[in-house]
Protein chains: 2
Amino acid sequence: MDEAWFDRLDSTADEPAELFEHFREREFEGRTYHALSDTRHGVERGTVVLGDGTVVRGYPSVARVLALDAGLRSVFDPDETIHVEEKLDGFNVRIVRVDTADEANGDAEAADGTTVLAFTRGGHVCPYTTALARERLETAAFFDDHPGRMLCAELVGPETPYTTHDYDGIETNAFRVFGVRERAAGVPLPVAERRDLCDRYGFAQPRLFGSAEPAAAVEVVREAIADLDAAGREGVVLKAADGRSMVKYTTEAQHHDELAYAFSLPFDLGQDFVFSRIVREAFQAAEFDEDDERVRERAHDLGESILLPFVETIHDVASDEPVGERHTVRGDPDTVEALLYHLGQQGLSVEIIDDRWEDGERVVEFVKAAAATRDRVEYYLEGGTYDE
Amino acid sequence: MDEAWFDRLDSTADEPAELFEHFREREFEGRTYHALSDTRHGVERGTVVLGDGTVVRGYPSVARVLALDAGLRSVFDPDETIHVEEKLDGFNVRIVRVDTADEANGDAEAADGTTVLAFTRGGHVCPYTTALARERLETAAFFDDHPGRMLCAELVGPETPYTTHDYDGIETNAFRVFGVRERAAGVPLPVAERRDLCDRYGFAQPRLFGSAEPAAAVEVVREAIADLDAAGREGVVLKAADGRSMVKYTTEAQHHDELAYAFSLPFDLGQDFVFSRIVREAFQAAEFDEDDERVRERAHDLGESILLPFVETIHDVASDEPVGERHTVRGDPDTVEALLYHLGQQGLSVEIIDDRWEDGERVVEFVKAAAATRDRVEYYLEGGTYDE
């Protein structure tokens, strides 16, 4: 990496090498770029530097409050306006338009010598999301006016390679823009300005439930959470007006969904993943649930979300069914092929369940094989002992 | 430690120092001893060497099968007799009689120059259990006849400093001898011989449910587990006739009890503790539960065992109640004092809830304060954020 890039990253490291050693070299469409695989020296995970020195700053991790009322009062100033927006269960990408690198191959170049890329949270170009961003999002006018900004968007819907949450009205997949930031510095637009801007350029956004000072926002959040919970949706993100301070808060439905997911692959997901979801649930119950009966009902749903998928996975392994996350993707054959290659590059073992053509598109159903779960369940089912 | 002791320990270490560095020096009643804090080089955790070179071998860890039927067939030979004994939820100690060391103070010495000690699983002399073993167990005849053997016993009942499980007919606490071993080599007596011997010397033992070859033992275990589960008891240990191969298998009630315990102190107990109990439960449900309704019922109980104690702990912290394991102990004041000192030595912070006299004995109720749980719950309740 070029030492001249160091200043642009505005890190707390003393020497370029201290920071640069954590960047990994990657490649997409003949273009080489460097990505930071973990937050280091004050630079966010997923921050990318392209070959021409263009910086695409990572999206910051969003903290969570466990106690809603106390949390809002502790994170935000008492007279500050907080915007309560829906948090969607999808795949978080940063969409940028960059100059076509000299070395890039011709296919993806726009006539004007620029190209659109979608970077994942970890700083990979996702070929599938990039293809969707190029085809489905009308970004030309926006990037003509704001070449130095990036669209922070969630790819949601049942047909993405990463999440499968169903949303009303989204049959395959769609983008929701939840942030606009300076690409190089990562500074967000204020929430109100971003919402206007997105409306103007025709970008769909997450729902805004309301805006209020912390004391009043608690009630906005509680109503939003009740609605979202009933609809089986994820939760909310609370943002200060300037878009910088953010915290998230999620629904009971989301906790249970995630536990069900974790316990369908019990030996592949970390124990901290499981534990943190139970923690959220307990604090929410302690704050929200008005009587013992309600806590007990929640406990029953929690228990089901843990035990039922785990038992089902044991039965699946016993009867030799594939075990892992199931996804469906569709698109032109090159994009689908590039995606499968991309997943393989990331060490995922993908088992194709179905591969067909529909309306001129290739549709692939696959399972990301959960090898640890399969192997350990098999071992115990064969009588292996469990040493504690 | 004396290098001459090395051979006696029969380890896989090449040099005495490799093994000895893992021993810790401890002291009880003026007697110095060395204890192995973790299993190393083929020597069990809790193995002790006294000042005169006497070795008290550690009790081996007992593996668990998750799939009962397959597990029994995998661990034992098909024509071997397996004894199915109850596993009690208590405190596992090894009781030995040793020569009074020159440096030992006079109080505890028997007139014949010997003294009885109770070693914990980790190789500490527990002063409370030692006092009980001296007062409540008639060991003189046994040790006169078998000075080189040790009694492997569970201290059970509502008034022990370590466990609180209630057993019918045990008002305060009692010993159950589940093994007799050569003190120095750790070799167990065959199960049938040990049961006879204990009967002869008047030592109470865990219940024997039956003895059978593996294929038939599965049914014995399933019936035993059903009975024990209904009575809220822990489970069974299956032992080969020679007492050497052992595996354990536990009840649904025990899994839920342990989860309830873990989630009453959610940030003090390891996440692996929690996870391993859920694993047991899922494999048992997959093997035992005949229909979806039964799995769902189990899931509800599982959910209650997780969420209800956790929520209660959050409320306890909010209202400044003590948080931690609650115990009651009773005995002569010196023993109780020695126990409290012993617990403090092990880094436990003990909060006395009640301290009174009953029938000439000192009775102390205390809480082993769960500092991590208190601190983290407090932090979140004050609005602290949870970063994942």
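Matching residues to (1) among the hydrophobic types (A, V, I, L, M, F, W, C); (2) more than 13 Å from every other protein chain (Cβ to nearest Cβ); (3) open to solvent by less than 10 Å² (accessible area, probe 1.4 Å):
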residue	(1), (2), (3)
B:Gly46	no, yes, yes
B:Thr54	no, yes, no
B:Leu66	yes, no, yes
B:Ala70	yes, no, no
Q.
Cβ contacts < 6 Å: first residue over 16 Å from A:Val93 (Cβ atoms), restricted to the stretch A:180-195; second residue open to solvent by 50 Å² or more (accessible area, probe 1.4 Å), any location; separation 6+ or different chain. Result?
A. A:Pro190/A:Asp242
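Scanning for something out of contact with any Pro (no Cβ under 9 Å at 6 or more places or on another chain), among the aliphatic types (A, V, I, L, M), surrounded by fewer than 18 Cβ atoms within 10 Å (Cβ to Cβ) and within 12 Å of chain B (Cβ to nearest Cβ), does the stretch A:283-291 turn up at least one residue?
Among the residues of the stretch A:283-291, not one is out of contact with any Pro (no Cβ under 9 Å at 6 or more places or on another chain), among the aliphatic types (A, V, I, L, M), surrounded by fewer than 18 Cβ atoms within 10 Å (Cβ to Cβ) and within 12 Å of chain B (Cβ to nearest Cβ), which makes the answer no.
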Q. Out of the stretch A:342-355, which residues are in contact (Cβ under 8 Å) with a residue 12 or more places away in the chain and out of contact with any Asp or Glu (no Cβ under 7 Å at 6 or more places or on another chain)?
A. A:His342, A:Leu343, A:Gln346, A:Leu348, A:Ser349, A:Val350, A:Glu351, A:Ile352
Q: Name the one entry in A:Phe175, A:Phe142 that is of a type in the set (Phe, Trp, Tyr) and under 21 Å from A:Thr54 (Cβ atoms).
A: A:Phe142
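A quick yes/no check of all residues on (1) surrounded by 19 or more Cβ atoms within 10 Å (Cβ to Cβ); (2) under 30 Å from B:Ile353 (Cα atoms); (3) hydroxyl-bearing (Ser, Thr, Tyr):
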position: B:Lys239; (1), (2), (3): yes, no, no
position: B:Thr251; (1), (2), (3): yes, no, yes
position: B:Leu265; (1), (2), (3): yes, yes, no
position: B:Ile306; (1), (2), (3): yes, yes, no
position: B:Thr313; (1), (2), (3): yes, yes, yes
position: B:Ser319; (1), (2), (3): no, yes, yes
(Q) What are the pairs with Cβ atoms under 7 angstrom where one residue, in the stretch A:327-340, is without any contact (Cβ under 8 Å) to a residue 24 or more places away in the chain and the other, located anywhere, is among the aromatic types (Phe, Trp, Tyr) and in a helix (DSSP H, G or I)? Sequence gap at least six, or different chains. (A) none
(Q) I'd like the full set of residues that are hydroxyl-bearing (Ser, Thr, Tyr) and either closer than 23 Å to A:Leu151 by Cβ or part of a loop (DSSP other than H, G, I, E, B) (or both), limited to the stretch A:1-60. (A) A:Ser11, A:Thr12, A:Tyr33, A:Ser37, A:Thr39, A:Thr47, A:Thr54, A:Tyr59
Q: Please indicate, with yes or no, whether at least one residue in the stretch A:275-282 is within 7 Å of chain B (Cβ to nearest Cβ) and among the polar types (S, T, N, Q).
A: yes
Q. Which numbered condition trips up A:Asp332, out of (1) over 19 Å from B:Phe273 (Cβ atoms); (2) within 12 Å of chain B (Cβ to nearest Cβ)?
A. (2)
Q) Which members of the stretch B:356-386 meet the condition of being touching an Asp or Glu at 6+ places or on another chain (Cβ under 7 Å), within 14 Å of chain A (Cβ to nearest Cβ) and open to solvent by 20 Å² or more (accessible area, probe 1.4 Å)? A) B:Ala372
**Q.** Checking B:Ala35 against (1) open to solvent by 10 Å² or more (accessible area, probe 1.4 Å); (2) of a type outside the set (D, E, K, R); (3) touching a His at 6+ places or on another chain (Cβ under 8 Å); (4) under 18 Å from B:Val93 (Cβ atoms), the condition it does not meet
**A.** (1)
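Yes or no, residue by residue, for (1) surrounded by fewer than 15 Cβ atoms within 10 Å (Cβ to Cβ); (2) out of contact with any Leu (no Cβ under 6 Å at 6 or more places or on another chain); (3) within 30 Å of B:Gly383 (Cα to Cα):
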position	(1), (2), (3)
A:Ala4	yes, yes, no
A:Asp7	yes, yes, no
A:Ala13	no, no, no
A:Leu19	no, yes, no
A:Phe23	no, no, no
A:Glu27	yes, yes, no
A:Val49	no, yes, no
Q. If we scan the stretch A:268-283, do we find a residue that is polar (S, T, N, Q) and touching a residue at least 40 places away in the same chain (Cβ under 8 Å)?
A. no
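Consider A:Arg294 carefully, then state whether it is more than 10 Å from every other protein chain (Cβ to nearest Cβ) and either part of a helix (DSSP H, G or I) or out of contact with any helix residue (DSSP H, G or I) (no Cβ under 7 Å at 6 or more places or on another chain) (or both). Steps first, answer last, please.
On the way: more than 10 Å from every other protein chain (Cβ to nearest Cβ): yes; either part of a helix (DSSP H, G or I) or out of contact with any helix residue (DSSP H, G or I) (no Cβ under 7 Å at 6 or more places or on another chain) (or both): yes.
For A:Arg294, the condition - more than 10 Å from every other protein chain (Cβ to nearest Cβ) and either part of a helix (DSSP H, G or I) or out of contact with any helix residue (DSSP H, G or I) (no Cβ under 7 Å at 6 or more places or on another chain) (or both) - is met.
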Q. Do we find that B:Ala133 is open to solvent by less than 20 Å² (accessible area, probe 1.4 Å), of a type outside the set (Asp, Glu) and either farther than 30 Å from B:Asp242 by Cβ or touching a residue at least 24 places away in the same chain (Cβ under 8 Å) (or both) in this structure?
A. yes
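The values are calculated or read from the model by the stated rules, or taken from the named source; none is laboratory data. All figures in this text were calculated on a predicted structure; none of them were measured in a lab. Reconstructed Cβ throughout: ideal geometry from the backbone, glycine too, with neighbour counts over all protein chains shown. The accessibility values were calculated without ligands, DNA or RNA, using every heavy atom of the protein model including side chains. Shrake-Rupley method; radii C 1.70, N 1.55, O 1.52, S 1.80 Å.
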